[in-house]
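Trainee: Could you have a look at this structure, given as structure tokens, before my questions?
The values are calculated or read from the model by the stated rules, or taken from the named source; none is laboratory data. Nothing here was measured: the structure is a model prediction, and the numbers come from that model. With ideal geometry, Cβ positions are generated from the backbone for all residues, glycine too; neighbour counts draw on all protein chains shown.
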């Protein structure tokens, strides 16, 4: 089974981190293909870049989608799942939906830890549109953009741990592709249940394919 | 005062209808500039076209926005207001927000009459993201795309009247740019309060400018 | 076009302030007629006075309503719009509805700054009845009654500015007739979007008349 | 213990019916004093009369309240409880709150049977303001005003029974003072749990006094 | 009239306290029969004991229910009312429902003071299932189990008073059978309206019987 | 990996069906252990049996839980997940939560098809307690108990297909252990996405274990 994982930004290090996180959870026999747009904004700082990136994501799916058993959109808070689903017959999973779905099995509320202050309304709007705000106890920015996270991974991990410790919800959701792969480490350090959107989506994608 | 009104599709007749509707309500001294994207999908049949059209809308605002006192986005259910607002300092109004705001002053619930069955979830998602679903009594498609509406205006008016008569809410909202300008006629025929998103947005845009 | 603006209390200074605020935003050609009840409570300290004042408001509309193109009720949180609407054919606008409608175009949540602690449940009940509590981030009293505001305008302005700076919502709503006319000043001092119920209602009244 | 029951309209037969219903459920030793306003509208057909009646209700409580252990407001959907509570130290109970409270102990949803079509939005607004709409499965008018009910009691009973049989909720609430005393008969005929606001409020008033 | 009051735990002192509280509010002629399960957990520390206790409660009702005019379940947050109602024809009242019903007549929001931190999600889940979370301003544990409360009544009273003073809601609900009988004392000390679930349920049970 | 699947009733055929459904979706290397209570009600017709069955379920988990990597509770609408989770360290999954979680990835609303009319409030209460009613478009009984389903499998399949065709939601959830294994067949016949709670829970259980 091949799963196409699309990073909406164009930071190579972020796509690499997403690939590694996805592969770490994939079942034997699952092939992860992690891609990023060939054009569009390099980093998604605000609503404008988020909207522009969707074109490149659609292009990615058109190029790399054929043959995939499922598509995972790895931008937390990004629009596009409904649009991508119109173009392929296989399940399309948005990490913004998958992380709360898994968090809901682990606790009664969750806190999203995200990148910058500007990302907060983007994430909030998407969760509201999906009808998932009800159990969300908060959306907390760590104050670092994705490029900064890639440059200073240790500092990023520490700020994420700090944010997780102050979280009001039962479960911590890592709401940013730049945090892909940090789930286990944050969980071990804080003792809290932690959901990484990318690994959650890959696991759910495999489930959907098997249930079909 | 100049108001830039952006039609997200590329049907000349639709842009013309939107311009005429906007001009019919504009105060003396208000100049309406109605434009449409220079590239992107001609008609917005589904979520994919809706998403792709947003790039052309951003381009329209970059080209024609300077000098405008307000920007009106004339696609019902379209995303983009938050992204456009990041690029200009003047108020940006989405007809999907303006129509329910005016409807709320006229009654306690409203029904949206929209184009095709595919448009219903697009409109529903946008209203939910905006927190405006609570007073929405229904979203009813007339079964005609915008291009068909332009070709068969009389049939369109009749199906809109029929849908309005069956509406459960107190107020009828015309939720499609292709219906711009039909408000008065539908109101006279049905005796119901009718809100046309384009005229509502132009009136509110003038109000916001004056209140500033 | 004549707009009748009814102040529910009987403080001349308050009615004057409401008139000036209304005139400051009215379009050329719009005549503002600002009135107050001929009988009933002078100041509306609690729910009892609020209820009693409604009789005088109905009387005002019976006397001064004929010939008006719209009626604005300038008491924030006051009941009566539905009752007044039964007695006239023109639009009746309650500032308690108009301020959130305009605030919704400027941000995703709003804080109401009101007079005294006793006014808080009055405002909360009215917003709930109108279905407008969802986006309300808080109702904050400044601890001054309307008569005190009229006597000490500078202190009032300062306490309103302080309350606005601490507001949790994106937009500040001036939820008291005694604050009519302070919108611009509070906005300039705080840098926040500020909505004055009276000016919002006059602008919306003109919009509704034009849209009709 | 004396309980003051205030009928907001000025129909003697309605006040008599309310008195009889209240007495039928009162504990031994409880004295029921049923009164009606000395001025104001005779029948409450719409929102205007409802608002005007509140002045006479406040006057009733000022005259007859001293010495009472509790006050019951017997108008379904009427405002005024908060205002009356400001004027007396004893519990003030609104039948619009008491009937859903008792219905909630008998089932998971309730339907309100009320007088005329005009009463529906009055009742709906009051239930929403009280936060009680969530479990309300419907508000059904029988198409008779209170004066008509008094003239044609048998026809009234039959239309109430018909409405009760079609009700969607688990419990039937008699939402009109003109139906006071019909609870048992409607329950026996339909086999459904039926709550009469007046008797529910008297029983709850006695409970509150005893719990104090 | 006989009312069967069932304490779900097997602490004799708790059953005694519940009996005394129930008798303190019962009308002359009402006989209170207070019982506890003959088997099952002695104290209900978590969800497992809560679930296990329900079997003993059903057994209590089977043994002592015949001849009772109403059954009161005196465990705050316990499941079982729906199950018990299937086995008897008389009203079954859960103090988790009765306390909010009475609190709703006394104020617009209530805070539940409960035993331990583990009890909080039990209470929250039950209130949500009953549709009663909307007006709940908080659930505050005092950090004492029921057995501890019985051993140290004075310390319990003081911690309950402290919790009541910090409560955000208008009304304090004593959400634990171990606090039965403390209502008046907490009310006098704090000056706040206080609802004791057991006395509220007994008063409502008498009301329902009389209304039948 | 071993997954313990607990059927709350004591119908051997139902436990067999649940085992086969679970095995059909389990990954290679996953061992399914399907059990049923050793005591308690044979079939769960109402709320009383549902409550009583929970003791036997707890006993099952105490006996068979050690060594399992996850526990699946296969009763739709049954309480007990929170209680069981207190007794084991591995994830405990309730099919009442898992089916809506998977349905949410496949569509925006779901309809539950369940056994008898008596099961409807049981399911509704559990979904409300879990905060999952928002996207539920309906709960439709087929009018057959689990024992009847086992005796007449072909008739059961046909009534489930009929109910699925009339469903208002986008996705059909099989909300009864007696329907375990029918998912694919109902999907093929109706062309609708169908979620079987048992297979969904097994797939999610494997995901949670892998994500840990």
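Trainee: Of these, A:155, A:206, which one is away from chain B (no Cβ under 14 Å) and more than 30 Å from residue F:184 (Cβ to Cβ)? Quick ask: steps written out before the conclusion?
Mentor: On the way: A:206 fails: more than 30 Å from residue F:184 (Cβ to Cβ).
Going through A:155, A:206 in turn, the sole match is A:155.
Trainee: A further question on this structure: Within the range D:150-170, which residues are touching a residue at least 40 places away in the same chain (Cβ under 8 Å) and closer than 20 Å to residue D:116 by Cα?
Mentor: Step one: list which residues in the range D:150-170 are touching a residue at least 40 places away in the same chain (Cβ under 8 Å), which gives D:150, D:160, D:163-164, D:167-170.
Passing the criteria: D:150, D:160, D:163, D:164, D:167, D:168, D:169.
Trainee: Oh, and also: Can you name the number of the only condition in (1) outside any helix (DSSP H, G or I); (2) buried (at least 24 other Cβ atoms within 10 Å of the Cβ); (3) modelled with pLDDT under 95 that residue A:134 fails?
Mentor: For residue A:134, the exception is condition (2).
Trainee: Specify which of the listed residues (A:194, A:188) is more than 23 Å from residue A:12 (Cβ to Cβ), more than 9 Å from chain F (Cβ to nearest Cβ) and crowded, with 24+ Cβ neighbours inside 10 Å.
Mentor: Details: A:188 fails: crowded, with 24+ Cβ neighbours inside 10 Å.
From the options A:194, A:188, the qualifying one is A:194.
Trainee: Condition check: crowded, with 20+ Cβ neighbours inside 10 Å and either touching a helix residue (DSSP H, G or I) at 6+ places or on another chain (Cβ under 6 Å) or not assigned by TED's automatic domain parsing to the domain that holds residue A:124 (or both). Does residue A:4 satisfy that? Talk me through it step by step, then tell me what you get.
Mentor: Details: crowded, with 20+ Cβ neighbours inside 10 Å: yes; either touching a helix residue (DSSP H, G or I) at 6+ places or on another chain (Cβ under 6 Å) or not assigned by TED's automatic domain parsing to the domain that holds residue A:124 (or both): yes.
The answer is yes for residue A:4.
Trainee: Taking residue B:175, is it surrounded by 24 or more Cβ atoms within 10 Å (Cβ to Cβ) and away from every other protein chain (no Cβ under 11 Å)?
Mentor: Details: surrounded by 24 or more Cβ atoms within 10 Å (Cβ to Cβ): yes; away from every other protein chain (no Cβ under 11 Å): yes.
Yes: the conditions hold for residue B:175.
Trainee: Residue under question is residue D:144, and the condition is that it be surrounded by fewer than 20 Cβ atoms within 10 Å (Cβ to Cβ) and at pLDDT 95 or above; does it hold?
Mentor: Working: surrounded by fewer than 20 Cβ atoms within 10 Å (Cβ to Cβ): no; at pLDDT 95 or above: yes.
Spelling it out, it is not the case that residue D:144 is surrounded by fewer than 20 Cβ atoms within 10 Å (Cβ to Cβ) and at pLDDT 95 or above.
Trainee: Could you name every one of the helices (runs of 4 or more DSSP H) located completely within the range E:1-109 that has at least 2 residues being within 14 Å of chain F (Cβ to nearest Cβ) and free of Cβ contacts under 8 Å to residues at least 40 places away in the same chain?
Mentor: Working: elements: E:12-25, E:47-64, E:81-85, E:95-106.
Here the list reads E:47-64, E:81-85.
Trainee: Taking the range A:111-144 as the region of interest, how many residues are closer than 25 Å to residue E:134 by Cα, under 15 Å from the mean Cα position of the chain (by Cα) and more than 14 Å from chain B (Cβ to nearest Cβ)?
Mentor: 3
Condition check ((1) farther than 9 Å from residue D:8 by Cα; (2) surrounded by 24 or more Cβ atoms within 10 Å (Cβ to Cβ); (3) touching a helix residue (DSSP H, G or I) at 6+ places or on another chain (Cβ under 8 Å)) across all residues:
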| residue | (1), (2), (3) |
| --- | --- |
| D:49 | yes, no, no |
| D:55 | yes, no, yes |
| D:59 | yes, no, no |
| D:73 | no, yes, yes |
| D:79 | yes, yes, yes |
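Trainee: With respect to residue E:38, is the statement that it is surrounded by fewer than 19 Cβ atoms within 10 Å (Cβ to Cβ) and over 16 Å from the mean Cα position of the chain (by Cα) true? Break it down into steps so the answer makes sense when it comes.
Mentor: Working: surrounded by fewer than 19 Cβ atoms within 10 Å (Cβ to Cβ): yes; over 16 Å from the mean Cα position of the chain (by Cα): yes.
Considered against the rule, which asks whether it is surrounded by fewer than 19 Cβ atoms within 10 Å (Cβ to Cβ) and over 16 Å from the mean Cα position of the chain (by Cα), residue E:38 comes out as yes.
Trainee: Please report, ordered by residue number, the helices (runs of 4 or more DSSP H) entirely within the range E:140-212 with at least 1 residues that are in the same structural domain as residue E:100 (by TED's automatic domain parsing), more than 30 Å from residue D:198 (Cα to Cα) and in contact with a strand residue (DSSP E or B) (Cβ under 7 Å, 6 or more places away or on another chain). Quick ask: steps written out before the conclusion?
Mentor: Numbers: elements: E:146-151, E:153-166, E:183-190, E:197-211.
Passing ranges, in order: E:153-166, E:183-190.
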